[in-house]
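These notes are about the structure you will find just below.
The values are calculated or read from the model by the stated rules, or taken from the named source; none is laboratory data. All values reported here derive from a predicted model rather than from experimental measurement. Backbone-built Cβ (ideal geometry, glycine too); neighbour counts: all protein chains shown. To get the accessible areas, we keep the full protein, side chains included, count just its heavy atoms, and leave off ligands, DNA and RNA. Shrake-Rupley method; radii C 1.70, N 1.55, O 1.52, S 1.80 Å.
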Amino acid sequence: KMRLDSQEADAPLFGDDDDDAPTATRQKKSEIKHPLATFFHLFFRTSAILVYLLCEILSSSFIVCMVTIILLLSCDFWTVKNVSGRLMVGLRWWNQVDEDGQSHWVFESRPATSRKVPTNSESQIFWLGLVVCPVLWVIFVFSTLFSFKFKWLAVVIMGVALQWANLYGYVRCKVGGKTNLRSMATNYLGSQFFKQAMAKQGP
């Protein structure tokens, strides 16, 4: 059995407290407070994409390229899931098994009152890298199929699986672990349609 859990927003994340919350809000929003985490957040995933695109130039061995890409994707999955998400945007997700043997997916976000407030720059870099790279791997899947390069299919599918897993996990953290993403998307599209309809009816 698997069950989805979500930590409430008023629960401190990673042992944070609220004592210095006003100080955090006065920090520069453009500051990158975790340059190393920011670098590796983009390094592994962009490196995997570059190796995939330039594999025929870098090496004539398919095995070497495949192993290199898989290692980079694995390092990226671990880094984004366990390090950069926690430091850059105050989010984390994981799976745990309780005493009854039930598997629980936990999605947690740092409360807005925390003294460790993510900066705008780090947040934008985090979400940009998190969204763009999985989309590119989906494109690679179709290009592999259309070009009949089926030997790369396992590699690109692994890229899709690992990077979309992190994207899904962090979106669940952002919107709330118990939020129905489908209903949220439906409500958004409905509100956009309503705005367009009202705009057309205007003078």
So, in the stretch 56-103, exactly how many residues are in contact (Cβ under 8 Å) with a residue 12 or more places away in the chain and assigned to a helix (DSSP H, G or I)?
22
Of residues in the stretch 104-139 being under 10 Å from the mean Cα position of the chain (by Cα), in contact (Cβ under 8 Å) with a residue 24 or more places away in the chain and open to solvent by 30 Å² or more (accessible area, probe 1.4 Å), the one farthest from residue 34 (Cα to Cα):
131
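Yes or no: residue 108 outside any helix (DSSP H, G or I) and charged (D, E, K, R)? Talk me through it step by step, then tell me what you get.
Working: outside any helix (DSSP H, G or I): yes; charged (D, E, K, R): yes.
Yes, satisfied.
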Counting just the residues of the stretch 140-150 that are more than 17 Å from residue 73 (Cβ to Cβ) and of a type outside the set (S, T, N, Q), which one comes out least open to solvent (accessible area, probe 1.4 Å)?
145
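Every residue, every condition in (1) buried (at least 18 other Cβ atoms within 10 Å of the Cβ); (2) touching an Asp or Glu at 6+ places or on another chain (Cβ under 9 Å), yes or no:
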{"residue": "61", "(1), (2)": "no, no"}
{"residue": "67", "(1), (2)": "no, no"}
{"residue": "72", "(1), (2)": "yes, no"}
{"residue": "78", "(1), (2)": "no, no"}
{"residue": "85", "(1), (2)": "yes, no"}
{"residue": "88", "(1), (2)": "yes, yes"}
{"residue": "95", "(1), (2)": "no, no"}
{"residue": "98", "(1), (2)": "no, no"}
Over the stretch 140-175, the set of residues of a type in the set (Val, Ile, Thr) and farther than 20 Å from residue 68 by Cα is 171, 175
Scan the stretch 147-168 for residues that are more than 20 Å from residue 50 (Cα to Cα) and over 11 Å from the mean Cα position of the chain (by Cα) and jot them down.
148
Would you confirm whether any residue within the stretch 167-188 is of a type in the set (Val, Ile, Thr) and at pLDDT 80 or above?
yes
